[in-house]
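The values are calculated or read from the model by the stated rules, or taken from the named source; none is laboratory data. Here the structure is a predicted model, which is why all the values come from computation and not from measurement. FYI the Cβ positions are ideal-geometry reconstructions off the backbone, even for glycines, and counts take in every protein chain you see. Calculation scope for accessible area: heavy atoms of the full protein, side chains included, ligands and nucleic acids excluded. Shrake-Rupley method; radii C 1.70, N 1.55, O 1.52, S 1.80 Å.
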Amino acid sequence: MSLTSQILTRAVERHRAGSADGAAPLYRLVLALDPAQPDALHLLGLLIRRQGRLGDGVVLMARALRVAPGLKAALGNQARALIDQGRLEDAMAHFRRELAVEPTCREAMAQLGGDALARGCLDEAEPLLRRALALGADGPDGKARRALDRCATARALSADAANPSLPPGLVVRGVFRDSSGYAYKVRRFVHHLVAAGIRVRLVDLNHGDVDLLSEEQIDPLLRTLHQPVRAKAVLSFTTPPAVERVPGLKTITYTVFEAAQILPSWAAYSRRHDHVVVATESSRAAWLRAGQPAGRIHLCPEGVEAVPEGLIHPMPVVDGVGRRLADFPVRILNVSDFNSRKNLVGLLRVWLSTTRPGDPAALVLKLGKGGRILEGFQALLQQAVAETGRSLLQAAPIFLVEALLSDAEMLSLYASATHYWSMSHGEGWDLPMTQAGAMGLTLLAPDHSAYQAYLDSRVAHLIPSRVTPAFHGYQGQDWWTPDEDEASRLLRAVVDDPDGTRRSAQAHLLDRFSWKEAAGRLVALLKELDAL
């Protein structure tokens, strides 16, 4: 074995072991000895891409493919990188090249079939997906089979749209059986669309790879909305890459984005859609910065639920040593998924560094979309402890809520708190923050992104924030980082003087952002777009 081959073998071993820092210098050494070595070019490009330097990775993998046009792994990896760059047609060309090199490549078939489905080209999508399924591409998640099922649904929706005997209506497509923000907004919008007299055909995008609410936790109305309608449009509540055109119907996407610019892939997918509806001006600005036509990006804020006094009772929350949340005068709530954008570690840093065991305050965290949160929380807590030098025992208590909660149970959780606090890096629309405010909790919110659409310093405490480079899935974008020193001063003031620092956004939010008003704005917009 040559010296170059020995070095390359060692680099690949380190790469597979997860040591990017160990592999990259060896790949570069190989290229210093042989600048046209295709495997080193490809694997270094792949490594660099995964480190967030997408453009540099694409350049290196392109060099590998010029040297070795049939390098199958490089074709597939370059295709995925080109999707990230928003170069969808180029990406599909690479998948076709990969399929030409290996005619039984299931991944390439599934990718090409999925892209054809997204474009509404059902005759092109179905044979590819069937071949992929026959070759075993489905795997445990049933992805290819579900795509074929969606092809059948698209054909049915298209046929219904041309059937004059059916009543006019609207097709709504999205998840609604889990505890995600998208599922919640589908449930609320659909409930109020139906109340406004709109016939809705609801197409469920949920599947078995997430924790689902039980049948008893879901509005029974939603289970009845499967009757065919003669629709002009499909309104999809999801991210742009998950939207699929239906032949003969307008494609309207309701979505949000949390950073200052949308991802290049989102921009490319959005250009395939007739209209995009977003909740706040910050999201609209993110689409416009990506070069989207202003006339196709529309605003429709989301909503809050009015809760009659006495209807919802506070949820009893008890920690592992028997302490009751209700015994603390200041009860500060945060509801977040486990992701870097929510900046939970920043929130924990401020809590640990600011509060003391004797404070009349407690933090209650509802994390994730269901159970199994303890391991993730412990990792975040260990990081915050290491960065502040303060342990959990040196701060006021933290309560965890782990259960998968229904919409009514979430209202009960809000009712158990006095304050709601976020340190998020960016929001498209913070549903828990707005609902907490509508129920009278004092709000502590970062002064950026969607928060500026529905809060100001008269009704909430706003935490100064600065624009910073994003990371963990948002590489190449900017988001915002709340000032932790200012957050600490605010938190201390709230704990020491809850009455003197009280602010209420309740009347402001209920007057301007009810779900009934939100649905009314959506109906008016859909009529304007000739979608109803």
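Selection of the range 221-255 for residues being over 28 Å from G113 (Cβ atoms) and open to solvent by less than 10 Å² (accessible area, probe 1.4 Å) yields only L222. I'm trying to understand the selection: among the residues of the range 374-411, which are open to solvent by 70 Å² or more (accessible area, probe 1.4 Å) and either over 14 Å from V335 (Cα atoms) or touching a Lys or Arg at 6+ places or on another chain (Cβ under 7 Å) (or both)? Correct list: L374, E375, Q378, Q382, Q383, A386, E387, L392, L393, Q394. A count restricted to the range 32-71 and to residues that are more than 27 Å from H472 (Cβ to Cβ), of a type in the set (D, E, K, R) and assigned to a helix (DSSP H, G or I) stands at 3. Looking at D123, D115, D90, just one residue is charged (D, E, K, R), within 29 Å of the chain's Cα centre (by Cα) and open to solvent by 60 Å² or more (accessible area, probe 1.4 Å), and that residue is D90.
Pull up the range 312-346, narrow it to residues that are aliphatic (A, V, I, L, M) and part of a loop (DSSP other than H, G, I, E, B), then point me to the one that is most open to solvent (accessible area, probe 1.4 Å). Among those residues, the one meeting the criterion is V321. The residue that is nearest to D319 (Cα to Cα), counting only those in the range 359-392 that are among the small types (G, A, S) and at pLDDT 95 or above, is A362.
Scanning the range 264-307 for residues that are assigned to a helix (DSSP H, G or I), of a type in the set (G, A, S) and open to solvent by less than 50 Å² (accessible area, probe 1.4 Å) gives S265, A267, A268, S270, S282, S283, A285, A286.
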